[in-house]
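Engineer: Take a look at this one; I'll ask things after.
Where a number appears in this text, it was derived from the coordinates with a stated rule and is not lab data. Everything quoted here is computed from the prediction, not taken from an experiment. Heads up, the Cβs are rebuilt from the backbone with ideal geometry, glycines too, and the neighbour counts pull from every protein chain shown.
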Amino acid sequence: MGEMIDPFGRAITYLRVSVTDRCDFRCVYCMSEDMTFLPKAEVLSLEELERLCSAFVRQGVRKLRLTGGEPLVRRNIMNLCRGLSRHLKSGALDELTLTTNGSQLAKYATELVDLGVRRVNVSLDTLDPDKFAAITRWGKLDKVMQGLEAAKAAGLAIKINAVALKGVNDDELDRMVAWCGDEGFDLTFIEVMPMGDIGGETRVDQYMPLSMVRAKLNEKWTLDEIDYKTGGPARYVSVKETGRRIGFITPLTHNFCESCNRVRLTCTGTLYMCLGQEDAADLRTPLRMSDDDDLLDNAIHEAIARKPKGHDFIIDRRHKRPSVSRHMSHTGG
Ligand code: SAM
């Protein structure tokens, strides 16, 4: 089994894969209303994605996260999960997991568990049905709640991801902490990141630093620093009153790049070595050029050798354009 070490001595053990750029929601901070999606011909087949992911596993990736767009709207996505689950069985992979909006979980939760998925991140920014419809532009909260119930019943551990949005969900923070406590879910707050054009709104209007979120939570809850790590970028506290964890993902107020162990693959086979930089490596060409994986393995190593030290996201009134032009749904959140 190989090992991938970047120029700053960080071992790359975590691959996030955007299996489709399409989504059944249009969250206001993520996409514009009239998104243009990739033509199907440019998107890798599930077999190709499996081969690419397997090359990363062979080279030392221990954790794989499927994301998107919405991973569970990709047709026959369970075939990819099934293919990748063999790496769990062989012990080459520690974890196969997903980030999902939950809309399709009622359909897939049991099968995911059968394939060895143990936990999922479900993105949910509000518990209010009207606000949910407004944030997602047309999503139905009921459907997500049914998905969460099914996931819970199937035995999946659940972490809720909520993007902190000024004037939108900042009055619901306590309610979300309490609800997650009751349901047995962990909760992670995320700062809105300047990625991709989103139409009329600007991210200055949406942005709420998590230092503010934490200060608000401190008024009601007892938050204890803990050393819990999932291999992702969140820092965690435990909530004394609920016994659950809260994570904070703070790409803007506290840059977490020094411990970055991740790279991101898009559904077209482009590898981004950093979420917040434009540099990328084309892996589709070496993948398609030969059936044996030598070219691909070399291309992966070359890409890791130029992983940058970090990103430099900025949100303020002087920086009106997104720091990176691509949307989160393209690179995979
Ligand atoms: N559709 C899936 C979901 O909703 O979780 C997976 C993809 S979505 C792009 C992954 C995560 O990225 C979600 O939690 C979403 O809220 C978050 N996200 C999208 N755009 C973002 C942005 N500009 N800043 C911060 N988080 C963002």
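Engineer: Which number comes out as Rg/Rh for the range 46-95 once both Rg and the Kirkwood Rh are worked out on C-alpha atoms?
Structural biologist: 0.95
Engineer: Taking θ as phi - 60°, what are the ³J(HN,Hα) couplings along the range 136-144 by the Karplus curve (6.51, -1.76, 1.60), each to the nearest whole Hz, with x for Gly and Pro?
Structural biologist: Karplus-based 3J(HN,Hα) across the range 136-144 equals 8, 6, 8, x, 10, 4, 3, 5, 5 Hz.
Engineer: So in the chain, what percent of DSSP beta bridges are antiparallel if you round to the nearest 5?
Structural biologist: Of the beta bridges lying entirely in the chain, close to 35 percent run antiparallel.
Engineer: If you plug each phi of the range 294-305 into the Karplus form 6.51 cos²θ - 1.76 cosθ + 1.60 with θ = phi - 60°, what whole-Hz ³J(HN,Hα) values come out, in order, with x for Gly and Pro?
Structural biologist: 4, 4, 5, 4, 5, 4, 5, 5, 4, 5, 5, 5
Engineer: Could I ask something else about it? With labels modelled as points extended 7 Å from the Cα through the Cβ direction, what inter-label distance (nm, one decimal) is found for VAL113 paired with ASP128?
Structural biologist: Placing both labels 7 Å along Cα→Cβ, they lie 3.4 nm apart.
Engineer: Compute the separation of the alpha-carbon centres of the range 252-299 and the range 1-76 and state it in Å as a whole number.
Structural biologist: Rounded to whole Å, the Cα centres lie 9 Å apart.
Engineer: Counting Lys +1, Arg +1, Asp -1, Glu -1, what net charge surrounds VAL17 among other residues with beta carbon under 9 Å of its beta carbon?
Structural biologist: Charge balance near VAL17 sits at +3.
Engineer: Sort 304-311, 118-125, 85-92 for me by packing, meaning the mean count of neighbouring Cβ atoms within 10 Å per residue, highest on top.
Structural biologist: The most tightly packed comes first, giving 118-125, 304-311, 85-92.
Engineer: Stick to the Cα atoms of the range 71-196, pair each with every other, and give me the Kirkwood hydrodynamic radius in Å at one decimal.
Structural biologist: Details: mean 1/r = 0.0648 Å⁻¹.
Here the Kirkwood hydrodynamic radius works out to 15.4 Å.
Engineer: Note down, for the range 14-53, the three equivalent ellipsoid semi-axes (square root of 5 times each alpha carbon gyration tensor eigenvalue), biggest first, whole angstrom.
Structural biologist: In descending order the semi-axes read 23, 14, 7 Å.
Engineer: Now, a different point. So if the hydrodynamic radius of the range 28-134 is defined as the Kirkwood radius over C-alpha pairs, what does Stokes-Einstein give as its diffusion coefficient at 4 °C and 1.567 mPa s, in µm² per second?
Structural biologist: 84
Engineer: Pull up the cross-link candidates among the lysines for LYS63, meaning alpha carbon to alpha carbon under 16 Å and not fewer than 8 places away within one chain.
Structural biologist: In chain and number order, the partners are LYS89, LYS229.
Engineer: If we count other beta carbons within 10 Å of each Cβ, what is the order of LYS229, LYS63, LYS143, fewest first?
Structural biologist: Result, fewest neighbours first: LYS229, LYS143, LYS63.
Engineer: To the nearest 10 degrees, how steeply does helix 105-114 sit against the main Cα axis of the chain, on a 0 to 90 scale?
Structural biologist: Approximately 50 degrees, to the nearest 10.
Engineer: Moving to a separate point now. Could you tell me how many degrees, from 0 to 90 and to the nearest 10, lie between the Cα long axis of helix 173-183 and the main elongation axis, the longest principal axis, of the Cα atoms of the chain?
Structural biologist: Roughly 70 degrees between the two axes.
Engineer: Now a separate question. In terms of Cα to Cα distance under 17 Å, which aspartates and glutamates are near enough to LYS166, apart from those fewer than 8 places away along the same chain?
Structural biologist: Partners within reach: ASP125, ASP128, ASP130, ASP174, GLU191, GLU201, ASP205, ASP316.
Engineer: Same structure, new question: Given the -39500 (n - 2.57) contribution per DSSP H run of 4+ residues, what per-residue ellipticity at 222 nm results for the chain, rounded to the nearest 500 deg cm²/dmol? Could the numbers behind the result be given before it?
Structural biologist: On the way: 11 runs with 104 residues, N = 333.
Computed mean residue ellipticity for the chain: -9000 deg cm²/dmol.
Engineer: Another one. Considering only Cα-Cα distances, which of the following residue pairs are longer than 19 Å: LYS107/LYS143; LYS107/LYS140; LYS140/LYS220?
Structural biologist: Flagged as over cut-off: LYS140/LYS220.
Engineer: To the nearest 0.05, how large is the calculated FRET efficiency for ASP171 and ILE226 if R₀ is 35 Å and r is the Cβ-Cβ distance?
Structural biologist: 0.85
Engineer: May I ask you to compute the full-extension gain from ALA92 to PHE8, defined as 0.36 nm times their residue separation minus their alpha-carbon distance, rounded to one decimal in nm?
Structural biologist: Result: 27.8 nm gained on full extension.
Engineer: Where Lys and Arg each count +1 and Asp and Glu each count -1, what net charge lies around ASP186 among other residues with Cβ under 11 Å from its Cβ? Can you show the working numbers first?
Structural biologist: Details: positive: ARG119, LYS159, ARG244, ARG245; negative: GLU183.
That sum, taken over residues with Cβ under 11 Å, equals +3.
Engineer: If r is the Cβ-Cβ distance from ASP297 to GLU48 and R0 is 22 Å, what FRET efficiency results, to the nearest 0.05?
Structural biologist: Working: r = 15 Å, r/R0 = 0.70.
For R0 = 22 Å, the calculated efficiency reads 0.90.
Engineer: Tell me which residues come under 5 Å, amide H to amide H, from LEU66 once H is placed; ignore anything under 5 positions away on its chain.
Structural biologist: The answer is VAL17, THR97, LEU98, THR99.
Engineer: For ASP24, which sequence-distant residues (separation of 5 or more, or a different chain) have an amide H within less than 5 Å of its own amide H, given hydrogens modelled in the peptide plane?
Structural biologist: For ASP24, whose amide H was placed from the backbone, the distant partners under 5 Å are GLU70.
Engineer: Could you run the Debye sum over the Cα atoms of the chain, one equal point scatterer each and no solvent, and tell me log10 of I(q)/I(0) at q = 0.07, 0.15 Å⁻¹, two decimals?
Structural biologist: With no solvent term, the Cα-only Debye profile gives -0.26, -1.37.
Engineer: Order of PHE8, PHE132 from fewest to most other C-beta atoms within 10 Å?
Structural biologist: Details: PHE8 12, PHE132 20.
Lowest count first: PHE8, PHE132.
Engineer: Only bridges whose two residues both fall in the range 76-225 count here: according to DSSP, what percent of them are antiparallel, nearest 5?
Structural biologist: On the way: 1 of 14 bridges.
In the range 76-225, approximately 5 percent of DSSP beta bridges are antiparallel ones.
Engineer: Could you list GLU111, GLU95 in order of exposure, starting from the residue whose Cβ has the fewest other Cβ atoms within 10 Å?
Structural biologist: GLU111, GLU95
Engineer: Okay, next question. Counting Lys +1, Arg +1, Asp -1, Glu -1, what net charge surrounds ALA106 among other residues with beta carbon under 13 Å of its beta carbon?
Structural biologist: Neighbour charge sum, excluding ALA106 itself: +1.
Engineer: Right, next: Tell me the angle of helix 46-58 to the major Cα principal axis of the chain, expressed in degrees between 0 and 90 and rounded to the nearest ten.
Structural biologist: 90
Engineer: What is the range 110-176 by shape, rounded, prolate or oblate, if you read a ≥ b ≥ c off the alpha carbon gyration tensor as root eigenvalues and call it rounded for a/c under 1.5, prolate for a/b larger than b/c, and oblate otherwise?
Structural biologist: Prolate, since a/c reaches 1.5 and a/b exceeds b/c.
Engineer: List the residues, sorted by chain then number, that are 5 or more residues from ASN161 or on another chain and whose placed amide H is less than 5 Å from its amide H.
Structural biologist: The answer is VAL122, SER123, LEU124, THR188.
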